[in-house]
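Following: one structure in structure tokens, then a few remarks.
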Amino acid sequence: MAIFGRSTRATIRDDMKLPRIPLLTQVSGAHLVSHLHMMALPAVLPLLPAQMGVSFVELGLALSVFNIVSALVQAPLGFAVDRFGARRVLTFGLLIGSLSFLSLGLLPSYAWLLVAMGLAGFANGVYHPADYALLSTGIDEKRMGRSFSVHTFAGYLGAAIAPGMLLGIAAWQGTRSAFAAAGVVGFIAIALLWLPTRARTMGATGPEKAASKTKSSRRSRGSSVFTPTIFALTFLFVMLSLSGTSIQNFSVSALVSGYDVPLSLANGALTAFLFASAFGVLAGGALADRTRHHGTVAAVALGVAALLVATVALFSVHGVLLVATLALAGFLFGLIAPSRDMLVRAAAPVGAEGRVFGIVSTGFNIGGAVGPVLFGWLLDNAKPQGIFWSAVVFMLFTVVISLLQERRTERGRAALAPLTAR
């Protein structure tokens, strides 16, 4: 009976002639949805105070709930990925996230907004540990940097299309329809994820996963995932999150209220920042495969980006110049992402990618929990310039951390050189 069942399933699959999808395409599709979901509330943020009768601080609290929940569950979900399999956990996350935004289309109250953002935050905790565990076991080592860049590009692309797509739907059919549309997109990613795949592994765990790792150039560094390097990388992620959150979630409201920029232009400038970030990630992937000095790359790129954002804060930049300035800043912000991911992967013991990416990615959620309340307070107290100055300050902190991390990495290479020579 069992043999008959397997044969029948194989025959049905052959008759259906389902396409075999590259693993990178499947995981990148899920990552696109995760970032679209992260931007769903910020995309319609300027419309909600009038519609729901709430302040920016209250909306910032909803974003904080999203990030607090995600921060609390991300590390445990990383352990779940290593224990139960990345593909199963990723599917579960996509399902919960999609249902949470669909529910906002049915229950558009502020109280339910808090609940739904908590559920979406739980789902968000799945993506990084599951995605990177799948990629680390299913992608050839020589293409790892570029694969990370494509994966991150897809996430940035999801964030980039969210403002125009969801704000357009909200203007046409209301914010309830915009939230519902964000939910529907997630079910498409679930279907894509369970098509037959082309990859070396399918998110295996245990001995099978460890065996695939022995083919790579990485060495096992023991089972501990609580090391000074990982804590430093987590703090780096906090600073990057605060830098990005200020621009991605609040720059449109700041430009409209503090710089007399029309909503359409402000939204266009944010879209340019996000699209340029996505293409910066692709350029950063090629760079990550060609250099070991990832800290220096991050420091230089973010230093220049901070200067560009400071220009927006200081001067009344309008029109094409505003779009171009934020686009260039976004390109540089995205450039560092693949090098960042390579640093984390290098710090992960073999077989513990889910745990390490879960721990380090918690930094994004810590920043995402603190930032919205701070930035919402700045807007409610008529300090829109503070949105951009905050981004500048946090970018400069990131520059310092990146340079310190570069020095630590160089000392580590020097210490390992005699052992490698043997």
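Ranked by Cβ crowding within 10 angstrom, fewest neighbours first, how are LYS383, LYS142 ordered?
By the 10 Å Cβ count, ascending: LYS142, LYS383.
If Lys and Arg each add +1 and Asp and Glu each add -1, what is the summed charge of the other residues whose beta carbon sits under 15 Å from the beta carbon of ASN249?
Local net charge: -2.
Would you list ASP82, ASP140, ASP341 from fewest to most Cβ contacts within 10 Å?
ASP140, ASP82, ASP341
If you rank SER402, SER55 by fewest surrounding Cβ atoms within 10 Å, what's the result?
If I rank by nearby Cβ atoms, fewest first, I get SER55, SER402.
Label TRP112 and ALA324 with points 7 Å out from Cα along Cα→Cβ: what is the distance between them in nm?
4.7
Take each of the peptides 151-159, 388-396, average the number of other beta-carbon atoms within 10 Å over its residues, and list them starting from the highest.
Per-residue mean Cβ counts within 10 Å order the peptides as 151-159, 388-396.
If packing is taken as the average count of other Cβ atoms within 10 Å, what order do 364-371, 259-266 fall into, highest mean first?
Per-residue mean Cβ counts within 10 Å order the peptides as 364-371, 259-266.
Averaging over every viewing direction, what projected area does the convex hull of the Cα atoms of region 21-421 cover, in nm²?
In nm², the orientation-averaged hull projection of region 21-421 is 17.6.
Computed from the coordinates by the stated procedures, all read-outs in this text should not be read as laboratory data. Note that this is a predicted model, so its numbers are computed, not measured. Cβ sites come from the backbone with ideal geometry, for glycine too, and all protein chains shown count toward neighbours.
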